[in-house]
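S.K.: Dropping a structure here in structure tokens format, bear with me for questions.
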Amino acid sequence: MFSSKRKYTGFDGVAPTRLAGTEKFKDWVVFLNGGKITNLGTYVVRKKRGKESMSVHATGRAIDLGFANREDGLALIDFLVRNAEAFGVEYIADYFPPEGGRGWRCDREKWQSYRKGEIAGAPYGKWVHVELSPEVARDAGYIDAVFQCLLKPA
């Protein structure tokens, strides 16, 4: 569905409601992790914490996923990066690492370390912020199909 080095969308306008693909993605991730990963929120119209610009949560394409221990968080992050193209993952923020967390984006396909204060909640934040592409965020059927494909026995 996607090519390498996809364009990062970022904030592209306020959605009128939750988006079906985002909600389905969140439901699958929480279900498959059996309580190790929790939903901390998807759609909410608000500004970024400590900033004047709008949060991607307002687009309906962002999810915050919490973890109790770092190993579970790293397993989730590895899954997200490994399957970023299939799921249309555009951005991942990992709030845990010192000094100020790190971010992965589809247009650079690598991690960037942040300085303290660049992203609110870092360091040592126990959640991951994920942003999906507009197409995937609207398509619950596509999300179901990708998870079902990944879960098929080899």
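S.K.: Quick check on segment 116-130: of everything there that is at pLDDT 95 or above, open to solvent by 10 Å² or more (accessible area, probe 1.4 Å) and not aromatic (Phe, Trp, Tyr), which residue is nearest to the chain's Cα centre (by Cα)?
M.R.: 129
S.K.: Could you tell me which residue of segment 51-61 is most open to solvent (accessible area, probe 1.4 Å), considering only residues that are more than 14 Å from residue 121 (Cβ to Cβ) and not in a loop (DSSP other than H, G, I, E, B)?
M.R.: Looking at the filtered set, the residue picked out is 54.
S.K.: Taking the criterion of being outside any helix (DSSP H, G or I), under 14 Å from residue 140 (Cβ atoms) and of a type in the set (S, T, N, Q), would at least one residue in segment 18-41 satisfy it?
M.R.: The answer is no, given that none of the residues of segment 18-41 is outside any helix (DSSP H, G or I), under 14 Å from residue 140 (Cβ atoms) and of a type in the set (S, T, N, Q).
S.K.: Can you confirm whether residue 148 is open to solvent by 50 Å² or more (accessible area, probe 1.4 Å), polar (S, T, N, Q) and either at positive phi or in contact with a strand residue (DSSP E or B) (Cβ under 8 Å, 6 or more places away or on another chain) (or both)?
M.R.: No.
S.K.: Does residue 113 count as modelled with pLDDT of 95 or more and open to solvent by 60 Å² or more (accessible area, probe 1.4 Å)?
M.R.: Against the criterion (modelled with pLDDT of 95 or more and open to solvent by 60 Å² or more (accessible area, probe 1.4 Å)), residue 113 qualifies.
The values are calculated or read from the model by the stated rules, or taken from the named source; none is laboratory data. Please read all numbers here as calculations on a predicted model, not as lab measurements. Glycine also receives a Cβ, built like all others from the backbone with ideal geometry; neighbour counts cover every protein chain displayed. What goes into the accessible areas is simple: the full protein's heavy atoms, side chains included, and nothing from ligands, DNA or RNA. Shrake-Rupley method; radii C 1.70, N 1.55, O 1.52, S 1.80 Å.
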